[in-house]
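The values are calculated or read from the model by the stated rules, or taken from the named source; none is laboratory data. Note that the structure is predicted; figures quoted are calculated from it, not measured. With ideal geometry, Cβ positions are generated from the backbone for all residues, glycine too; neighbour counts draw on all protein chains shown. Calculation scope for accessible area: heavy atoms of the full protein, side chains included, ligands and nucleic acids excluded. Shrake-Rupley method; radii C 1.70, N 1.55, O 1.52, S 1.80 Å.
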Amino acid sequence: MFFVNDDYFDQGYLAQQQSTFEQLTLSSESRIAVCLEDTALWLALCFYLKSIQASVMPIHPAMPKEAALRMAQKAGCSRLFYHGLETEHTCTIDTESNTINNFTNSINEVNNIKRDSGVLIQMSSGTTGEPKCIDRSWQSIDREIESYLSVFTLPNQMTPLIACPVSHSYGLICGVLVALARKKMARGQTPRVITNINPKYLVKTIQGADKPLLYTSPTMLQGVLRLLPKEQKLHAAMSSGTILPKHTFDQFSPRIEHFFQQYGCSEAGCITINQNMTSAIDVGTPLPHLSVTAGNSADAPDEVVVTTDAGQVIHTNDLGYLNVDAQGQAMLSFVSRLDDTIIVAGLNVYPQEVEDLILSHPHITDAVVFKVEDKYAGQRVGLQFTAQQHIEPSELRAWCQANLASFQIPQYFDQVEQIERLANGKVNRKQIAQTFQETQTKNARARAQSANTQPA
């Protein structure tokens, strides 16, 4: 079936766990949250819940108990299993009064709420606001897997190494479930889920695998490539979750034999796969069960809208455009989140485009562009960055003037020691902008107060 690090779990293990699961009195009407440190146990439970069409919200095992409870409440779950399935690890939630019976001896279902049954519950990333709960039916996930496998055949002889959380759809669906479905079709190799986050262990595992295909985050990929001997190429890697900055892509690309990228959203799952990355912004060809519309050129991007073969229409809130690649297939290129686009005096500024340029500065090591409200231009460009040395704003502004259009040049510069990123490597531009503006306001008040206290 699958490995978790160096331990192998077969059908016998699943059969052994099933008797435990059956004692939990779960059914297709159940809607539960699960936060388990034991990855093999979580996967076994997930397969069982899928088989009985129960609904489940997987929660990352590092989540503190109180935060996990809040997530379970928000998702309308009636039970939370936290770090175990025994009674003392079980919390029931009254979904009508929204009260919690915290880890009591009762495991009776309480007030089943009126929601669709048989769904995987995921939280959106929250990069543009408050995370929201999204239900996806197991049937739609099966359709995604079928479609994914029908076009993504290059990995048929590769060994999937899943070094990302299997509590999230990328690792769980595209990593584990796709690999097991591929294996069931007598293709592909046994998947290995890696929870040991020591990069040296990961590198050793990669070197010991036959044609490894690494599912991971850009941050972990960077750590692996740094440790991998320079003369050695990584056989294959899948990137997802965030668009790589151009300079990072240029560094990674020569060191990976098969560099893939997929793009998706919580509502639709995987939408596109790029099986031969030549540019970081090209996120791939739409899966065959989906219809995708967007802009028709880089100069005229539009919102990426997805329609499933079941008729569901999904607005991604992403800007992109479709063109035709060298093989004559539709290729979706990502431009920006709609919410992230900065409109300076009526002209659109796309953060990724400015960040790619800023990151080509010889001393800048990380950068994020965000919007600042402005009473004259509507909005202005703000820049937070890290660098190997102190850089005066005037110096950086002069450098930008030689490389950017005037409306793209940041008006505000904020050099910091580290840019705050989410666990998946994404940035919350809205939060960064809010913090920046609060600091600006605070500093302005302090200066005004200081001026008022100066002797006349």
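The table below gives the values:
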quantity: Condition broken by Lys375, with the remaining ones in (1) open to solvent by 80 Å² or more (accessible area, probe 1.4 Å); (2) of a type outside the set (Val, Ile, Thr); (3) in contact (Cβ under 8 Å) with a residue 24 or more places away in the chain satisfied; calculated: (3)
quantity: Residue check, Ile343 aliphatic (A, V, I, L, M), more than 20 Å from Ser240 (Cα to Cα) and touching a strand residue (DSSP E or B) at 6+ places or on another chain (Cβ under 8 Å); calculated: yes
quantity: Residue within the range 176-190 that is of a type in the set (Val, Ile, Thr) and in contact with a Lys or Arg (Cβ under 9 Å, 6 or more places away or on another chain) present; calculated: yes
quantity: First in the range 176-190 and in contact (Cβ under 8 Å) with a residue 60 or more places away in the chain, second anywhere and of a type in the set (Asp, Glu) and surrounded by 22 or more Cβ atoms within 10 Å (Cβ to Cβ), Cβ under 9 Å, 6 or more apart; calculated: none
quantity: Residue under evaluation Asn317, criteria (1) in contact with a Gly (Cβ under 8 Å, 6 or more places away or on another chain); (2) on the phi > 0 side of the Ramachandran plot, criterion not met; calculated: (1)
quantity: Test: residue in the range 396-419 that is among the charged types (D, E, K, R) and open to solvent by less than 60 Å² (accessible area, probe 1.4 Å); calculated: yes
quantity: Qualifying residue in the range 60-80 (condition: of a type outside the set (Gly, Ala, Ser), touching a residue at least 60 places away in the same chain (Cβ under 8 Å) and assigned to a loop (DSSP other than H, G, I, E, B)); calculated: yes
quantity: The range 313-349, residues that are free of Cβ contacts under 8 Å to residues at least 40 places away in the same chain and over 20 Å from the mean Cα position of the chain (by Cα); calculated: Val313, Tyr321, Leu322, Asn323, Val324, Ala326, Gln327, Gly328, Ile342, Ile343, Gly346, Asn348
quantity: Residue pairs meeting the criteria (Cβ under 6 Å; at least 6 apart or on separate chains; first on the phi > 0 side of the Ramachandran plot, in the range 430-448; second open to solvent by 70 Å² or more (accessible area, probe 1.4 Å)); calculated: none
quantity: Residue in the range 352-359 that is assigned to a helix (DSSP H, G or I) and surrounded by fewer than 12 Cβ atoms within 10 Å (Cβ to Cβ) present; calculated: no
quantity: Pairs with Cβ under 8 Å, 6+ apart, first in the range 119-133 and within 19 Å of Ala33 (Cα to Cα) and small (Gly, Ala, Ser), second open to solvent by less than 20 Å² (accessible area, probe 1.4 Å) and at pLDDT 85 or above; calculated: Ser124/Ile134
quantity: Residues of the range 230-262 satisfying the condition of being among the hydroxyl-bearing types (Ser, Thr, Tyr) and either more than 14 Å from Ser279 (Cβ to Cβ) or assigned to a helix (DSSP H, G or I) (or both); calculated: Ser240, Thr242, Thr248, Ser253
quantity: Members of the range 292-321 found to be in a strand (DSSP E or B) and farther than 17 Å from Tyr350 by Cβ, listed by number; calculated: Val292, Thr293, Val305, Val306, Thr307, Thr308, Val313, Ile314, His315
quantity: Matching residues, the range 340-350, being open to solvent by 70 Å² or more (accessible area, probe 1.4 Å) and not in a strand (DSSP E or B); calculated: Ala345
quantity: Inter-residue pairs, beta-carbon under 8 Å, first closer than 10 Å to Leu357 by Cβ and in the range 394-406, second open to solvent by less than 80 Å² (accessible area, probe 1.4 Å) and β-branched (Val, Ile, Thr), 6+ apart; calculated: Cys400/Ile358; Cys400/Ile409; Leu404/Val354
quantity: Test for Thr90: is it touching a Phe, Trp or Tyr at 6+ places or on another chain (Cβ under 7 Å), under 19 Å from Ile59 (Cα atoms), at pLDDT 55 or above and of a type in the set (Ser, Thr, Tyr); calculated: yes
quantity: Hits in the range 322-335 (condition: under 13 Å from Thr272 (Cα atoms) and either in a strand (DSSP E or B) or aromatic (Phe, Trp, Tyr) (or both)); calculated: Leu322, Ala330, Met331, Leu332, Ser333, Phe334
quantity: Only listed residue being among the basic types (Lys, Arg), under 27 Å from Thr219 (Cβ atoms) and assigned to a helix (DSSP H, G or I), chosen from Lys430, Lys442; calculated: Lys430
quantity: Test set (1) modelled with pLDDT of 90 or more; (2) out of contact with any Asp or Glu (no Cβ under 7 Å at 6 or more places or on another chain); (3) open to solvent by 10 Å² or more (accessible area, probe 1.4 Å) - Lys233 fails condition number; calculated: (2)
